[in-house]
1. Across the range B:88-112, which residue is nearest to ligand 3 (Cβ to nearest atom) among those that are touching a residue at least 40 places away in the same chain (Cβ under 8 Å) and more than 14 Å from the chain's Cα centre (by Cα)?
2. Scan the range B:35-48 for residues that are part of a loop (DSSP other than H, G, I, E, B) and within 12 Å of DNA strand D (Cβ to nearest atom) and jot them down.
3. Among the residues that make up the range A:71-85, is at least one of them surrounded by fewer than 16 Cβ atoms within 10 Å (Cβ to Cβ) and within 16 Å of ligand 1 (Cβ to nearest atom)?
4. Do we find that B:GLU75 is within 14 Å of chain A (Cβ to nearest Cβ) and either part of a helix (DSSP H, G or I) or not aromatic (Phe, Trp, Tyr) (or both) in this structure?
5. Considering only residues that are under 18 Å from A:GLY130 (Cβ atoms), touching a helix residue (DSSP H, G or I) at 6+ places or on another chain (Cβ under 8 Å) and without any contact (Cβ under 8 Å) to a residue 60 or more places away in the chain, which ones fall in the range A:170-197?
6. Residues that are within 16 Å of ligand 2 (Cβ to nearest atom), modelled with pLDDT of 90 or more and under 21 Å from A:LYS90 (Cβ atoms): does the range B:113-136 have at least one?
7. Quick check on the range A:19-26. Is at least one of its residues modelled with pLDDT under 95, among the aliphatic types (A, V, I, L, M) and in a helix (DSSP H, G or I)?
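The values are calculated or read from the model by the stated rules, or taken from the named source; none is laboratory data. All values reported here derive from a predicted model rather than from experimental measurement. Ideal geometry is used to build each Cβ from the backbone, glycine not excepted, and the neighbour counts take in all protein chains shown. To get the accessible areas, we keep the full protein, side chains included, count just its heavy atoms, and leave off ligands, DNA and RNA. Shrake-Rupley method; radii C 1.70, N 1.55, O 1.52, S 1.80 Å.
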2 protein chains.
Amino acid sequence: MLSFTEENYLKALLHITIEVEHKNEAGTNELASYLGVKPATATDMLKKLKEKKLIVYEKYGKISLSGSGREKAVEILRKHRLWETFLHEKLDFSWDEVHEVAEQLEHIQSQKLVDKLDKFLGFPEYDPHGDAIPNAKGELKPSFRKTLSEVKEGTTCRMVAVKDNTVAFLKYVSQLELGINTHIKVIGRQPYDGSMEIVINSNTIVVSQKFADNILII
Amino acid sequence: MLSFTEENYLKALLHITIEVEHKNEAGTNELASYLGVKPATATDMLKKLKEKKLIVYEKYGKISLSGSGREKAVEILRKHRLWETFLHEKLDFSWDEVHEVAEQLEHIQSQKLVDKLDKFLGFPEYDPHGDAIPNAKGELKPSFRKTLSEVKEGTTCRMVAVKDNTVAFLKYVSQLELGINTHIKVIGRQPYDGSMEIVINSNTIVVSQKFADNILII
DNA sequence: ATAAAAAGTTAGGTATATCTAACTTGTAAA
DNA sequence: TTTACAAGTTAGATATACCTAACTTTTTAT
Ligand SMILES: [Mn+2]
Ligand SMILES: [Mn+2]
Ligand SMILES: [Mn+2]
Ligand SMILES: [Mn+2]
């Protein structure tokens, strides 16, 4: 049985190595900073995870998930996204409130609970942020989504997800009346700093490149 | 913020001092044995809980919950019973499976989650074992229930709850096709060891006094 | 090729929650 | 009222998860 903390390290590694960059390996400092701990703390945990054969790692080298490590991580991600869906669909939690609570719920240990919850929700394929939910076999659909900052001027796209799950970001998104499936038209892009002029619900606004980098669209 | 473990000690104290015996105080060994830890471990935790003013306690003396300690404990009990109700009503968990999972879910920290869950369930008053669920104000209905072993011969009663939540006990109960609201007729009682002859769903069976002591009826 | 910077590890320390073994206190029986 | 046993505490370990400060290795730039 893995501890709460071990689970969070595995999920963080999945996020860094596959979900975000498709680069398949992570560094100690990168992992530590993602988890909000010091590199020394991460090093200790890496030794433990290696001992348990959940990661592939050599001293001073890069880190990647082993087969069983990836399986565990995907299972935790599955629980996280199922709980987010539950909170949003059944308990009327808003889009920006589900993540924090799901961070706790994802660690509840009960295979039966996961299966029953999945069924209760009608075997959903996407969570409230538009991210794919791994199925019971641990299969995670690859997503070929682009960010808003990659969209050509003059084009209209549709928001499907966000990359950043911080409360500050999600509040900003809500404020702009932006949500899953909202249509966004790109009017122009400022070459100096990449800020973009866009139209949302007939309102023309300007957003920073940093913001546009974190909005995923189709 | 209380740790998972501190919460379990408070809930245990509520159970020992109020729920079961109405005696309002507990001993160190009694508490330790209830929680499955050694008395030395409990002593350490008692010092910490006293420091936080959650219990009233002097070295070598009896233990009782303070006002704020009782409040916390009732809130955890409320969460435990709401989750048990959710698992049984919405996810089709059977009667004897809900307790273990609720032991984990009761520690999720989110006031909003508790409120929304309560509403989603229709503000239930009783959990799947027939125990009263404290309301949002922390009010816990006193229950004046008797045990099956106190029922007079020739009388028919109705099961409303169980006292013992162990898997072994609950499995036995299920095996006998006994559940909330099942009618039980008491035929006779063996003076030697208190075992009772009873009728459940037209089947006449004999159960031990230990068993009858753990079936609550009206 | 070397030096500086970045990345990563080790040593030693804290806090929580647990244990065993030895000790102290309270109570009930002789 | 003394004594024995039950009840409870303390001391000293262990394991997890975190920290800071100092050290080592790898990478990058001159
Ligand atoms: Mn999330
Ligand atoms: Mn988590
Ligand atoms: Mn229960
Ligand atoms: Mn618990």
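1. Step by step, filter the range B:88-112, then rank; the result is B:HIS88.
2. Keep residues of the range B:35-48 that are part of a loop (DSSP other than H, G, I, E, B), which gives B:36-38.
Residues satisfying the conditions are B:VAL37, B:LYS38.
3. Start the filter on the range A:71-85 by keeping residues that are surrounded by fewer than 16 Cβ atoms within 10 Å (Cβ to Cβ), which leaves A:71.
Filter again for within 16 Å of ligand 1 (Cβ to nearest atom), leaving none.
No, there is no match, as no residue in the range A:71-85 is surrounded by fewer than 16 Cβ atoms within 10 Å (Cβ to Cβ) and within 16 Å of ligand 1 (Cβ to nearest atom).
4. The answer is no for B:GLU75.
5. Matches in the range A:170-197: A:TYR172, A:ILE184.
6. Within the range B:113-136, the subset within 16 Å of ligand 2 (Cβ to nearest atom) is B:113.
Still in the running and modelled with pLDDT of 90 or more: B:113.
Right, trim to under 21 Å from A:LYS90 (Cβ atoms) and you get B:113.
Checked the range B:113-136: at least one residue is within 16 Å of ligand 2 (Cβ to nearest atom), modelled with pLDDT of 90 or more and under 21 Å from A:LYS90 (Cβ atoms).
7. Yes.
Yes or no, residue by residue, for (1) under 19 Å from the mean Cα position of the chain (by Cα); (2) modelled with pLDDT of 90 or more; (3) surrounded by fewer than 20 Cβ atoms within 10 Å (Cβ to Cβ); (4) not assigned by TED's automatic domain parsing to the domain that holds B:GLY154:
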residue	(1), (2), (3), (4)
B:TYR172	yes, yes, yes, no
B:ILE184	no, yes, no, no
B:ARG189	no, yes, yes, no
B:TYR192	no, yes, yes, no
B:SER195	no, yes, yes, no
B:VAL199	no, yes, yes, no
B:SER208	no, yes, yes, no
B:ASP213	yes, yes, yes, no
